[in-house]
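The values are calculated or read from the model by the stated rules, or taken from the named source; none is laboratory data. All figures in this text were calculated on a predicted structure; none of them were measured in a lab. Here the Cβ positions follow ideal geometry from the backbone for every residue, glycine too, while neighbour counts run over all protein chains shown. What goes into the accessible areas is simple: the full protein's heavy atoms, side chains included, and nothing from ligands, DNA or RNA. Shrake-Rupley method; radii C 1.70, N 1.55, O 1.52, S 1.80 Å.
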Amino acid sequence: MQRTLLEEKKKRNIPVICVFVAIACLLVLMGFLDTFVLKRPEAGPPNPPAASVPLKAPELPTGAEVPQALNMGMPGAPISVTDLQATHSTAPEKHFTLTAEAASLALDHGAPVQAWTFNGSAPGPTLRVRQGDMVVVTLINHLSFGVTIHWHGVSVPNADDGVAGVTQNAVKPGQSYTYRFLAKDAGTYWYHSHQFSYTETTGGLYGMLIVDPASPQVHDDVDSSVTLHDWNGANNQTLLAINTTTGTVKTNARAGQWVRLRVLNSSSDQHTVTLLGAPFMVAALDGHDVNAPQWLNQTPLPIGAAQRYDLRFQMPRTGAVTLVTSANNRQYQSAPAVVLGQGTVPGKLPAVSTHWFNLDTYGQPAPDPITTKSHFDVNYGITLNNHMGDSLGRMGMVYTLNGKVFPQTGMIMLKEGQLVKMHLDNQSDLIHPIHLHGHVFTVLTHNGHALTGSPIHLDTINIQPHDSYDIAFLANNPGIWMLHCHNLLHANWGMDMMVMYDISTPYSIGRATGNFPD
Ligand code: C2O
Ligand code: CU
């Protein structure tokens, strides 16, 4: 009796269930249309829902420790950051527009990746100018949060350095901003956002800037550039891409041609690359020529975050030349890769040699304005470390300069004309690629030993665990400049400080302004 009554009830419920199911289906369909079709007319064809990891817009931590308005300048200084602009000149102007906008990147991988981009791609367009050009770049922000552009490695006037809260306010949604600087030095540089640089650069707001020499010392038949970038793929796994693919980048080159291949690591972790198929040399590091570089054969190159290697080689009579990467520093992998000339990635890849590229001994000595024997006006020691702690009210692993996290790291004060030496001492088990804005430095010593090869000029020194370097530079570019780790997660969790001259700034970092450079 009980049972039949129940069955009877169930039967009567069937039409009700059907109505519910129909309504539910309709709601799901509407939700789908809303999310993936109606709301994103500019994002191209809709993606399957499971495929994309949505990006979370960057925001300031909320703790009471987050400053309201932190002014990094010298109050009352006679010169302001805003005075430090490119002087008017007759230099030819090269104009570019970079629009910050969202895009879905295919990367030739199963699942597209959601990104923030300049002009719809990541890397953004490669800006190519000639040494001596005035570079004029208009940034238009179509994203829902602030963006800036920092010209990594270029000695720009301070007002054009693109550091939110220090040299400008972050460019707000719908607004634009114009950068103007003289391309004084030839070489391979890059650009990226310096508002929430960790989230925004990792998310895709970066590209390359190449300055061709006014009078080239060597001739390249083929000049090609590639960017290594770690993307956050589905299920949080890291996807390494070269340019816009996790597969193979193809570049035309004919037998006998000289090739310059510029390689940028725009991710936060070090990557290992080498060239197969031809002997090669490292012609430049961070855009600065190496003197008399030797030939290398399958030599593994450790490319630190933000660093650039210019490789030069001659195409062999037959076959392709391939740039390969290694994820474990033991074996090379077949993808991502760059194939130059006719062919494919070799089926059998060699093991990673134990003879790594070493800038301590590479190239030949040459006279240099700064050597270990120079007289240094000032000497600073900076230790690099990490510990569990507090950064802006967030608890977690913090990364320190002299034991402190930003903004407690303070500043280094410089006077124009000083020759400055810095001792960078990595006391941690992690790699720290340390970058100085606005200046190029000479590497003097590594673990206490003077370099014996070519003079080495860099803007980012990739410091292995428990290694130390002496670097030195001429204080020749007044302003307020950041010194920070280019593992941008480390910068986001404390590893930044200011290197500054007697300069004031009208801008501030913090909650009141929304500016947060890292
Ligand atoms: Cu490439 Cu402070 O940055
Ligand atoms: Cu670091």
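Points worth noting:
- Residue match in segment 474-482 (condition: within 11 Å of ligand 1 (Cβ to nearest atom), surrounded by 22 or more Cβ atoms within 10 Å (Cβ to Cβ) and at pLDDT 95 or above): yes
- Residue check for Val324: away from ligand 1 (no atom under 16 Å from the Cβ) and part of a strand (DSSP E or B): yes
- Across segment 426-454, the qualifying residues are those that are open to solvent by 30 Å² or more (accessible area, probe 1.4 Å) and within 16 Å of ligand 2 (Cβ to nearest atom), and the one among them that is farthest from Val81 (Cα to Cα) is Asp429.
- So His432, is it closer than 29 Å to Gly479 by Cβ and touching a helix residue (DSSP H, G or I) at 6+ places or on another chain (Cβ under 7 Å): yes
- Which numbered condition Glu101 fails, given (1) closer than 20 Å to Leu209 by Cα; (2) of a type in the set (D, E, K, R); (3) over 20 Å from the mean Cα position of the chain (by Cα): (3)
- Residues of segment 373-390 classified as closer than 19 Å to His457 by Cα, among the polar types (S, T, N, Q) and either under 28 Å from the mean Cα position of the chain (by Cα) or loosely packed, with under 14 Cβ neighbours inside 10 Å (or both), total: 1
- Given (1) within 16 Å of ligand 1 (Cβ to nearest atom); (2) surrounded by 23 or more Cβ atoms within 10 Å (Cβ to Cβ), number of the condition Leu275 does not satisfy: (1)
- Segment 171-223 - residue that is open to solvent by 10 Å² or more (accessible area, probe 1.4 Å) and β-branched (Val, Ile, Thr) and, of those, nearest to ligand 2 (Cβ to nearest atom): Thr202
- Residue within segment 306-321 that is within 16 Å of ligand 2 (Cβ to nearest atom) and buried (at least 20 other Cβ atoms within 10 Å of the Cβ) present: yes
- If you go through segment 143-182 and keep only what is within 22 Å of His95 (Cβ to Cβ) and in contact with a Lys or Arg (Cβ under 7 Å, 6 or more places away or on another chain), you end up with Ser155, Asp160.
- Among the residues making up segment 401-413, a single one is more than 20 Å from Gly510 (Cα to Cα) and within 21 Å of the chain's Cα centre (by Cα): Leu401.
- In segment 391-411, the residues that are open to solvent by 40 Å² or more (accessible area, probe 1.4 Å), more than 21 Å from Trp481 (Cα to Cα) and at pLDDT 95 or above: Met397
- All strands (runs of 3 or more DSSP E) inside segment 214-285 with 1 or more residues being touching a helix residue (DSSP H, G or I) at 6+ places or on another chain (Cβ under 9 Å) and at pLDDT 95 or above: 222-232
- The set of residues in segment 365-391 that are among the polar types (S, T, N, Q) and away from ligand 2 (no atom under 16 Å from the Cβ) comprises Thr371, Thr372, Ser374, Asn379.
- The residue of segment 455-467 that is farthest from Leu264 (Cα to Cα), among those that are open to solvent by less than 20 Å² (accessible area, probe 1.4 Å) and either of a type in the set (Ser, Thr, Tyr) or part of a loop (DSSP other than H, G, I, E, B) (or both), is Ile456.
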